[in-house]
1. How much length is gained on full extension from SER26 to GLU273, taking 0.36 nm per residue of separation minus their Cα-Cα distance?
2. Among 8-16, 212-220, how do they line up from the highest to the lowest mean number of other beta-carbon atoms within 10 Å?
3. Carbon and sulfur atoms: what percent of the 1.4 Å accessible area of the range 19-113 do they account for?
4. Can you flag which of LYS6/LYS216; LYS24/LYS52; LYS45/LYS149; LYS30/LYS69 are past 28 Å Cα-Cα?
5. Accessible area per residue of the chain at 1.4 Å probe, in Å²?
6. Can you order the peptides 168-178, 225-235 by their average number of other Cβ atoms within 10 Å per residue, highest first?
7. Over what distance in Å are the Cα centres of the range 175-227 and the range 266-290 separated?
8. Could you tell me what fraction of 2.2 N^0.38 Å the Cα radius of gyration of the chain comes to, as a two-decimal ratio?
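The values are calculated or read from the model by the stated rules, or taken from the named source; none is laboratory data. This is a predicted model, so every value here is computed, not measured. Positions of Cβ are generated from backbone atoms using ideal geometry, with glycine treated the same way; all protein chains shown enter the neighbour counts. Note: areas computed on protein heavy atoms with side chains; ligands, DNA, RNA excluded. Shrake-Rupley method; radii C 1.70, N 1.55, O 1.52, S 1.80 Å.
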Amino acid sequence: MALGNKKMKERVAKLLQQMIDGDKASAEYKELAAEWIANMEDADKTKEIAPKLRKCIAESAAAGCPVCKELQTLDHYLVKRSQWIIGGDGASYDIGYGGLDHVIASGEDVNILVLDTEVYSNTGGQASKATPLGAIAQFAAQGKRIRKKDLGMIATTYGYVYVAQIAMGADHAQTLKAIREAEAWHGPSIIIAYAPCINHGLKAKGGMGKSQAEEKKAVECGYWHLWRYNPALAEEGKNPFSLDSKEPNWENFHDFLLGEVRYLSVKKAYPNEAEELFAEAQKMAQLRYKTYVRKTQEDWSNE
């Protein structure tokens, strides 16, 4: 859809250029057409130009201009569209990772929102590469024994991809800022959103009705971290990485795990191994957090 939209905009630009080069358009029409071509990738600018340009196109089409008649059939492409791909962690971390990697490697101006439930939610709760160490799931009945894949950090290695990790229940402002920055970036972007699901087995009163509160707890204890990687800052010689979540209260990490059935079940079924797994899960979360802190300390002034 994004590539199709791109082709249609290129067609609009070609037709407008014909009007600029010809002698059938007014000075105002030519000026608006040139301004649109120069700003066709700017959403705010195209919103401003489109109504005036449509009027000029309609007037010329009514006067019998064949190029403008064709432009009238394409005028819904005059405002830059916001292109989003939405998928779960299975479609992004795991079975569909090759496709996701292909999309961000294309360099196209498309946004990806990953709803990270840390499990294959739609097909019965099987473990995926987003499933964290220690969690129980289908095909990981004794708790997963390897750490979670850091999809966001992998995406940052491209350098030209906007990446953010969010949790709306933990920080509404950071969530909105990440979405706005992703949309503003003229290139691929990926936002990974922590998304509790029914397979987590939230023990809090209210169950899934308390998913926003669960996101807040996850960030506060260090289970999930909020950050943004904005390539636009790198182009200005600034560090593109921003760690938005505060220093976690690691003392609450263990209690957070036991507040979800996917972890509590491991403790009930395998009490001797559970504590070791949970300690390792916290160690991995702390290691990941330290990695993010180091990223904020990198010097980009001479890059």
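1. Numbers: separation 247, 0.36 × 247 = 88.92 nm, distance 7.83 nm.
In short, 81.1 nm is gained.
2. Working: 8-16: 16.6, 212-220: 19.8.
Top to bottom by mean Cβ count within 10 Å: 212-220, 8-16.
3. Values: 2570 of 4830 Å².
With neighbouring chains kept in place, the figure for the range 19-113 is 53 percent.
4. Details: LYS6/LYS216 39 Å; LYS24/LYS52 17 Å; LYS45/LYS149 39 Å; LYS30/LYS69 16 Å.
Going by Cα-Cα distance, LYS6/LYS216; LYS45/LYS149 fall outside the 28 Å limit.
5. Values: 15050 Å² over 303 residues.
With the other protein chains kept in place, the chain gives 50 Å² per residue.
6. Working: 168-178: 17.5, 225-235: 19.3.
Going by the mean number of other Cβ atoms within 10 Å, highest first, we get 225-235, 168-178.
7. So the separation of the two Cα centres works out to 21 Å.
8. Details: Rg = 24.3 Å, N = 303, 2.2 N^0.38 = 19.3 Å.
Normalised Rg, Cα atoms only: 1.26.
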